[in-house]
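The values are calculated or read from the model by the stated rules, or taken from the named source; none is laboratory data. Keep in mind it's a predicted model, so treat the numbers as computed, not measured. Here the Cβ positions follow ideal geometry from the backbone for every residue, glycine too, while neighbour counts run over all protein chains shown.
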């Protein structure tokens, strides 16, 4: 039995009379590559926000490596190894990728206040940043100003910043959003090559990407889990076809 890295147990959240999370229970084993799919308004980003602490649940529990983090602050979850990227690009446009990743490493090590010293004074952080950028195929872009990077590479830089926190569990909220189709497959092949013991949950609307890269798929509808299964089971389930796949394939 694989070690469960992240679990939600009957997590609930409502905004007034609107239930956005209905008794959501999921488990991600170590090294998982799971996709979270569902129609618009299904509650996918809300669930990520609950897991990462941007939202507080009304009930249920969230466990990271068996430890209850339901009420832990966002920063404490990051220190424990739970990191997310956002649907909206959140980069520093006037820094280079190297500067941005070094800054994230300094933040992780509690040295953020020293970041503005000359970059050469951060030798170990620079070495680590170069390794991260190389892993994400950004080595050739390390000293380009971020605002001049193609959008797909900006999304990869977002993942590089997440990797700088040394995550055990990485949550990706539509990493290919806004990325040209020919770049999105490359982006996901880079994600797929991340360390095998890293646990990844990603939201994605492009079903060809989902079926290619996810080992399991969680289907969310109206705030609740409709189905969690392997890609073939999800693809052939008539309920999924009715509520989602039909419209998804129409995009």
Quick one: residue 243 ticks every box in (1) more than 20 Å from residue 91 (Cβ to Cβ); (2) touching a helix residue (DSSP H, G or I) at 6+ places or on another chain (Cβ under 8 Å) bar one, so which box is it? (2)
When region 1-16 is checked residue by residue, the ones that are closer than 12 Å to residue 51 by Cα and buried (at least 22 other Cβ atoms within 10 Å of the Cβ) are 6, 8, 11, 13
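Answer yes or no as to whether residue 61 is touching a strand residue (DSSP E or B) at 6+ places or on another chain (Cβ under 6 Å), closer than 20 Å to residue 78 by Cβ and free of Cβ contacts under 8 Å to residues at least 60 places away in the same chain. Lay out the reasoning, then the answer.
Details: touching a strand residue (DSSP E or B) at 6+ places or on another chain (Cβ under 6 Å): yes; closer than 20 Å to residue 78 by Cβ: yes; free of Cβ contacts under 8 Å to residues at least 60 places away in the same chain: yes.
Here the answer is yes, as residue 61 does meet what is asked.
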Just give me the residues in region 22-42 being within 23 Å of residue 75 (Cα to Cα) and buried (at least 22 other Cβ atoms within 10 Å of the Cβ), in sequence order. 28
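Okay, residues lined up against (1) at pLDDT below 90; (2) outside the structural domain of residue 161 (by TED's automatic domain parsing):
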position: 64; (1), (2): no, yes
position: 68; (1), (2): no, yes
position: 74; (1), (2): no, yes
position: 77; (1), (2): no, yes
position: 95; (1), (2): no, no
position: 98; (1), (2): no, no
position: 103; (1), (2): yes, no
position: 107; (1), (2): yes, no
Within region 218-239, track down each residue that is within 24 Å of residue 14 (Cα to Cα) and in contact with a helix residue (DSSP H, G or I) (Cβ under 8 Å, 6 or more places away or on another chain). 219, 220, 221, 223, 226, 227
The lone exception for residue 56 - which of (1) assigned to a loop (DSSP other than H, G, I, E, B); (2) surrounded by 15 or more Cβ atoms within 10 Å (Cβ to Cβ) it fails: (2)
Quick check on region 94-109. Is at least one of its residues in contact (Cβ under 8 Å) with a residue 60 or more places away in the chain, assigned to a helix (DSSP H, G or I) and under 25 Å from residue 213 (Cα atoms)? no
